[in-house]
Amino acid sequence: MTTIFRKSVLSVAGLAFAGGVFAGPIAAHANPVDVKSVAVAVQTGAPKPQGEQSHITLNGEQTANVKAIIAATKKAGLPERAAVISIATSLQESKLENLGHLGDANDHDSLGLFQQRPSSGWGTPEQITDPAYSTTAFLKGLTQVDGWQDMALTDAAQTVQVSAYPDAYAQWEQQATDLVGQYWNS
C-alpha cells in the first residue's frame, strides 16, 4: 500500500513539474499585473469592488483634482482608503470636475468636486469650489462615520453624501483605487 501511495504522490509531483515547465513560458508572455493597484487593495484592507466598474479618461484638470484630494487626505493624516473613497465619490458626483453653478441643470445649490451644498452647511460657494477645502469637509464627514474604514465604499460615501442614488459610488472604486495607487507616493 505504501508503494501505491508513493507512486501517486510522485505522479502528482511530476504533473505539477511538467505543468510548470510548459506553462512557465506562456505565463512569461501574459499581460503584466498592475502591482500598484494590487498593493493598494492589500494595504487598505478594502473589500473587492462591488458590481460593474466604470472608467473615464482624465484630463489635466481632473488629474490635478485627484492630486488635490490625495494631498488633503495626507494632510488630514488619513490612510489611502480615505482617498479612495473621496476620489470615487468625486468621480460619481462631478467626474472630478470642480463644478460651479450649473443653472437649471444644477441639483439645488450643489457645487464643486463633491457637489456639496452651501444651504446644507458645507461652506460658502467659494469654499466648496476649493478642492482642498471641499475634500477636507468630505473627510471630516467621513471620519464621523463609525467603522468607515471597513465599510463597503458605497456605504461610506452614501453615509456622508446622502445621495438619491446610494449605490452609484461603487462603480468608481476600481478607478479610484488605481488613481490612489498611481499618485499616493508621487
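The values are calculated or read from the model by the stated rules, or taken from the named source; none is laboratory data. Everything quoted here is computed from the prediction, not taken from an experiment. Because the Cβ atoms are built from the backbone with ideal geometry, glycine has one as well, and the counts that use them run over all protein chains shown. These area figures cover heavy atoms from the full protein model, side chains too; ligands, DNA and RNA do not enter into them. Shrake-Rupley method; radii C 1.70, N 1.55, O 1.52, S 1.80 Å.
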**OP:** Among residues belonging to the range 108-136 that are assigned to a loop (DSSP other than H, G, I, E, B), at positive phi and in contact with a helix residue (DSSP H, G or I) (Cβ under 9 Å, 6 or more places away or on another chain), point out the one that is surrounded by the fewest Cβ atoms within 10 Å (Cβ to Cβ).
**Re:** His108
**OP:** Quick one: count up the residues across the range 60-102 that are closer than 18 Å to Trp172 by Cβ, outside any helix (DSSP H, G or I), out of contact with any strand residue (DSSP E or B) (no Cβ under 9 Å at 6 or more places or on another chain) and among the hydrophobic types (A, V, I, L, M, F, W, C).
**Re:** 1
Original post:
Among the residues of the range 175-182, is any in a loop (DSSP other than H, G, I, E, B) and buried (at least 17 other Cβ atoms within 10 Å of the Cβ)?
Top reply: no
Subject >> Evaluation of Ser90 against (1) surrounded by 15 or more Cβ atoms within 10 Å (Cβ to Cβ); (2) in contact (Cβ under 8 Å) with a residue 60 or more places away in the chain (one fails), failing number >> reply: (2)
Subject >> Options Gln149, Gln62, Gln127, Gln158; residue that is more than 20 Å from Ala176 (Cα to Cα), at pLDDT 95 or above and of a type in the set (S, T, N, Q) >> reply: Gln127
Original post:
So which residues in the range 137-166 are farther than 12 Å from Gln92 by Cβ, open to solvent by less than 70 Å² (accessible area, probe 1.4 Å) and hydroxyl-bearing (Ser, Thr, Tyr)?
Top reply: Thr143
Original post:
If you check every pair at least six apart or on different chains, which have Cβ atoms under 8 Å apart with a residue in the range 127-155 that is free of Cβ contacts under 8 Å to residues at least 60 places away in the same chain and within 14 Å of Lys75 (Cα to Cα) first and a residue that is in a helix (DSSP H, G or I) and not polar (S, T, N, Q) second?
Top reply: Ser134/Ile128; Ala137/Ile128; Phe138/Val160
Original post:
What do you reckon, is Ala68 closer than 17 Å to Ala152 by Cα and either modelled with pLDDT under 70 or surrounded by 11 or more Cβ atoms within 10 Å (Cβ to Cβ) (or both)?
Top reply: no
Original post:
Just one of His29, His101 is farther than 18 Å from Gln182 by Cβ, at pLDDT below 95, open to solvent by 40 Å² or more (accessible area, probe 1.4 Å) and in contact with a Pro (Cβ under 9 Å, 6 or more places away or on another chain); which is it?
Top reply: His101
